[in-house]
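Here's the structure, in structure tokens; my notes come after.
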Amino acid sequence: MNGKRLVKILWALAAAVMLIVLFSGCIPSNIPSATPAGFFSGIWHGWIAPISLVLSIFTDARIYEVNNTGFFYDLGFYMAIISGFGSLALTRKKKD
């Protein structure tokens, strides 16, 4: 393996690890807080749900915030989950 390629791989690996550490700082918890999670927290928790799922295997992290505002948190969470696996479009374009 040539040196430049190895350096690129190491930088990509370091960037991936740093992103995972950054995202894990905002993972839903089971610790009660004074302010419940709202719509935008639901969107964020939906986006990082795959990371939360992996971390929940090894720690007591949660995928879904227990202390939330209800409907609007759920709406944001599911919008983010759905948009991560496709789109929020109500119609589909036909392939020609």
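The values are calculated or read from the model by the stated rules, or taken from the named source; none is laboratory data. Keep in mind that what you see is a predicted model, and the values were worked out from it rather than measured. No Cβ is skipped: glycine too gets one built from the backbone with ideal geometry, and neighbour counts run over all protein chains shown. Accessible surface is based on the protein model in full, side chains and every heavy atom, while ligands, DNA and RNA are left aside. Shrake-Rupley method; radii C 1.70, N 1.55, O 1.52, S 1.80 Å.
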Could you say which residue among A61, A89 is at pLDDT 75 or above and either in a helix (DSSP H, G or I) or of a type in the set (A, V, I, L, M) (or both)?
A61
For L10, state whether it is modelled with pLDDT of 85 or more and surrounded by 12 or more Cβ atoms within 10 Å (Cβ to Cβ).
no
Just one of I20, I9 is farther than 29 Å from F71 by Cβ and in contact with a helix residue (DSSP H, G or I) (Cβ under 7 Å, 6 or more places away or on another chain); which is it?
I20
When P50 is evaluated against the numbered criteria (1) out of contact with any Pro (no Cβ under 8 Å at 6 or more places or on another chain); (2) within 22 Å of Y73 (Cα to Cα); (3) open to solvent by less than 60 Å² (accessible area, probe 1.4 Å); (4) modelled with pLDDT of 80 or more, which criterion, by number, is the only one it fails?
(3)
All but one of (1) out of contact with any strand residue (DSSP E or B) (no Cβ under 8 Å at 6 or more places or on another chain); (2) modelled with pLDDT of 85 or more hold for S41; state the number of the condition that does not hold.
(1)
